[in-house]
Amino acid sequence: MTTASVDSRPHAADAVADQDRKGPGRPRSARVDEAIVEAVYDLLSAGQSADAISIEAIAAKAGVGKATVYRRWPNKEALFIDAVTMMKGPLPEPRGESVRDDLVMLLQVMKNKRMEQYGRVTACLLPELVKSAEMHRVYQAAIEPRRNVMRQVLLRGVETGELRADLDVELTLLMLSGPNIAQNMLKWNPNVPSEGFAEKLVDAVMRGIAA
């Protein structure tokens, strides 16, 4: 009786990772990083909960070994933080000339092709944020840098006198971001047109927070 042959060849992504390790100080493969992060998106989009997804499952989906994942991220939480951060793209850079214009820009960048592409992943994350303390920590850690960009714009506005001296900055962040997320992701009120939404939202809030 012959024994079935087993394909012992390494996965392509693992082969790239191995090549990266051969030379001391050589950078790790961006292709492997992307494959692992995309695996996280795929598993979430398929309906698996964040708690149920294992490093083993992520590695298998990405076509790499588990050790390859752990060489890049110390644990699943760190990987998920990076995955959510990469999904949102690079941090926007306000021009610093007008608080109103900077706020409009920050809301507009939340609605782009990249966010539409990962809309289903974000929708899958919502129930996880409610029931999983771990996933809530992950999400907060991922969005805090972006939230802080808007926070600094508001604080600058208070310093320059564009905004009220007694402004509740954290509440204002919520007033601006909440409706924008609800409309962009859930189309919460279909009677509100998407055209010019960021400008209208900022102007409505500015009537209460302007000096």
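The values are calculated or read from the model by the stated rules, or taken from the named source; none is laboratory data. Only a predicted model underlies this, so the values are computations on that prediction, with no experimental measurement involved. Ideal geometry is used to build each Cβ from the backbone, glycine not excepted, and the neighbour counts take in all protein chains shown. With ligands, DNA and RNA removed, areas are computed over all heavy atoms of the protein, side chains included. Shrake-Rupley method; radii C 1.70, N 1.55, O 1.52, S 1.80 Å.
Some notes on this structure:
- Boolean, Ala60 is open to solvent by 30 Å² or more (accessible area, probe 1.4 Å), over 18 Å from Ser132 (Cβ atoms) and small (Gly, Ala, Ser): yes
- Number of positions in the range 163-211 that are more than 18 Å from Asp102 (Cβ to Cβ), open to solvent by less than 90 Å² (accessible area, probe 1.4 Å) and under 21 Å from the mean Cα position of the chain (by Cα): 6
- When Arg95, Arg137, Arg146 are screened for being open to solvent by less than 80 Å² (accessible area, probe 1.4 Å) and among the basic types (Lys, Arg), only Arg146 passes.
- Residue match in the range 16-30 (condition: at pLDDT 90 or above, open to solvent by 80 Å² or more (accessible area, probe 1.4 Å) and under 23 Å from the mean Cα position of the chain (by Cα)): no
- Pair list, Cβ < 7 Å and 6+ apart or interchain, from the range 169-191 residues that are within 24 Å of Gly157 (Cβ to Cβ) to residues that are open to solvent by 30 Å² or more (accessible area, probe 1.4 Å) and of a type in the set (Val, Ile, Thr): Gln183/Val192
- Conditions (1) more than 26 Å from Leu186 (Cα to Cα); (2) under 18 Å from the mean Cα position of the chain (by Cα); number of the one not met by Val153: (2)
- Condition met for Thr160 (modelled with pLDDT of 95 or more, hydroxyl-bearing (Ser, Thr, Tyr), buried (at least 16 other Cβ atoms within 10 Å of the Cβ) and under 30 Å from Ala210 (Cβ atoms)): no
- For the range 63-87, the tally of residues that are outside any helix (DSSP H, G or I), of a type outside the set (A, V, I, L, M) and either open to solvent by less than 30 Å² (accessible area, probe 1.4 Å) or under 14 Å from Tyr41 (Cβ atoms) (or both) stands at 3.
- Just one of the listed residues (Ala50, Ala46) is modelled with pLDDT under 90, open to solvent by 70 Å² or more (accessible area, probe 1.4 Å) and within 21 Å of Met135 (Cβ to Cβ), namely Ala46.
- Contacts under 6 angstrom Cβ, first residue in the range 20-48 being within 16 Å of Ile81 (Cβ to Cβ), partner open to solvent by less than 80 Å² (accessible area, probe 1.4 Å) and at pLDDT below 80, 6 or more apart: Tyr41/Val121; Leu44/Val121; Leu44/Cys124
- Residue list for the range 93-125, filter: within 13 Å of the chain's Cα centre (by Cα) and modelled with pLDDT of 75 or more: Val109, Met110
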